[in-house]
1. Just check segment 178-223 against the gyration tensor rule for me: Cα atoms, a ≥ b ≥ c as the square roots of the eigenvalues, rounded for a/c under 1.5, and otherwise prolate or oblate depending on whether a/b exceeds b/c.
2. Would you calculate the separation in nanometres between label points at residue 614 and residue 873, each defined as 7 Å from the Cα along the Cα-to-beta-carbon direction?
3. Taking the alpha-carbon centroid of each part, what is the distance from segment 389-441 to segment 138-201 in angstrom?
4. Fully extended, how many nm does the chain gain between residue 359 and residue 450 (0.36 nm per residue separation, minus their Cα-Cα distance)?
5. Using Cα pairs under 8 angstrom and six or more residues apart, how large is the relative contact order of segment 736-835, in percent?
6. Label 7 Å along Cα→Cβ of residue 288; segment 358-380 residues with amide nitrogen under 11 Å?
7. How big is the equivalent ellipsoid of segment 860-903 along its three axes, where each semi-axis is √(5λ) from the Cα gyration tensor, reported in whole Å from largest to smallest?
8. Can you tell me the Rg and the Dmax, both Å, for the Cα atoms in segment 915-977?
């Protein structure tokens, strides 16, 4: 039942082309030449490919790399986009830009900077590399090591990424450098975004100084539509409803996905990023060299979204009828049905505005003293210190179109708001409509997901209300029919991290003729500390000073110990927190009709998301003050102290070379978690009842072996084994209990509807045994083909699970049991696969003619995986984020001043989430491909113009629930185009 997409046919074509290339490149037409990269001043696609080919050839490990085509010029827009061209490397995108990186299906990847751990602001808690805040122009290249060696001291489960900046001695003597300036624009945003970078270097034969900087300020259009998973309006998830489809009697006893709402939004992500790199390098004589360098990044990011949603306002799960559906044949307690069109009784049609901002900053400083006087002993002493911080702020507003009747809202206000209304309270309070010009009936809209993009309808159906019996679109188009349903600023976070590393490394070279050519020995100590504080903003209301997180029309101040209200007919009636508020009373507004590829929505009035660039200032202005309410369950400290010792022997015998070694890693965690006490009224946080400090330690013994056999001058076979262990993401040890609440209409207050227990200090780290073999054939300085197979036996990993817990309601009474999502220890997982690759420069293969300017970089990765979690059919699930198939195809051309490049990337479906809904269903991202293009013209050796386009086919991410025809949601990214000037000297 999968929807066929154009990129499926492209996948078949590209896979066929790659297979033919890999099968046929061994013919006798290859012009053999010694694949040694001469030291000549060459740049461009061929130079970058030749450098990467020779890195792979000369290394004893299983590895691949990317090399900048020139100073400050990696081949793709982001470094993550460049890394995805490497076999086995997969990325996910954020606002269309390459972000998180996995190697061979797992995110447990160590990121290094010039050979030592890098502390980035984008992944303070996580091992998985996040690249959006790292300017690609500052790097000379990146190495991806897929097998481990003992002398690396740190390595990931399936790989290690070493980002490499330039150093002064890498460049020629005297002054040299490069600078570029460019403008970027998006097909949807149509803004002119500036960017630029510069590198300056001076050196003589004894010392040198390098300074580099990069700046960019892109505005990236990215749209979302589908089930409501991210908009925090009390619609935080999906639930499994036993639904008789209302009037549709054909399905009297089935299970179905019942989303709390469906949404569509328009989002523009603005990222202002700055990167700086400075290095000093000096030859001190007698074999001593000193290197000092600093790497700094800063990024301010605003995710400004405006959208429309149709929800049921927590009024049960039978609020829609299935117009189109299919029996899946899968059962839990009852058979599941997938839905392709639903008629939604949307009690609440609204606009909403959201702005999630991130302020990220990181500094990494490296000081090293190296010794190599040409003798038997070499060594280095190195100190690395880093700090990183990330501030997340959230601002939210919703514009209700209902007057409250359809949602059961019964708003009660003190006398100051009751002019012209009937006073019913002892102190003059009254019941008011929060929105006199809104609708009173429940409108019906149609949501159809059978096509490539969702289609809405039903907005021409008349509905009664303050404008009369008129079409719903008339209410949506009338600014006066909106009132503010809620203001909020929640799930904010301040994250800080510090890293200190000191290491001593030494090598002793044996006499020529010995089996062991040298032995490496080293010690390393590191301290990594993370502090995470998450919080909501509360504000006071009425004279009693009650604090409320949700400044909303459905929050009533009637819960002890803080109440505000008066007696009505002998019973206490709490005041409603937010008085009637026009949508434009405190905000700038506009009429929004752009929801990306979604069809049928006539438009809504919505608040300008830039109003919430600083939500703290906004809430102080509107509500007088704010209180920072810490979320104890998700605020924590984790400190990890690690001591490492390694011993490695490097050997060579006849045509065989390699290394064998052992790492001993001793680590100790100190985890501080908060105890979450009683719930704080009018919010979803708790009182902090103190701390729990847990200390856990262990020692890991990690052997490794790498063997390379030069079968001929051009044919190399490799084999590798390593036992690996990497820490968990630190939040998986430190995170505590977080609860989500929703309004219970019968009880009249918010109750826990779901919860997550995010961390457990006693969880084991990731552990695996890794096996690699490969065969590589080199046909020239820039040409090779290779085939590799790998097997990763994952002995210990973390996966999602559920436990049952009970939570008292705000009145202290326990009324229900809640399934809590948490992390559990997994074992018995495995990932295996094959990587096929061809890097061809036609000038290596033919002597002259038109074809000599062409080149190709093509690869295919097959990497199925299994873990001990199963889907509802009892089938083993793969590891999340891993696509079984990935294809890269890069075709480039260089001839004289002209160069061009087309890059294609395809990945098959991937598991995105597990345990979604109470039926423990899975969420999958469908297959996807991307196409990027580049072209440049060099007027002189020092001056060129260039143009590029990323995602020129405007690919989008499709997600489905369990069954390919059960639509979930969609991320739609724009095409981006760049034009620039470049000068080097």
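FYI, it's all coordinate maths here, none of it is from the lab. Computed from a predicted structure; not experimentally measured. Using ideal geometry, Cβ is built from the backbone for each residue, glycine included, and neighbour counts are taken over all protein chains shown.
1. Note, shape of segment 178-223 comes out prolate.
2. 5.5 nm
3. Computed from Cα coordinates, the inter-centre distance equals 54 Å.
4. Once the chain is fully extended between residue 359 and residue 450, it gains 28.8 nm.
5. In percent, rounded to a whole number, it is 29.
6. Of the residues in segment 358-380, 369-371 have backbone N under 11 Å from the label point off residue 288.
7. On the way: eigenvalues 346, 11, 8 Å².
Its equivalent ellipsoid spans semi-axes of 42, 7, 6 Å.
8. 19.4, 64
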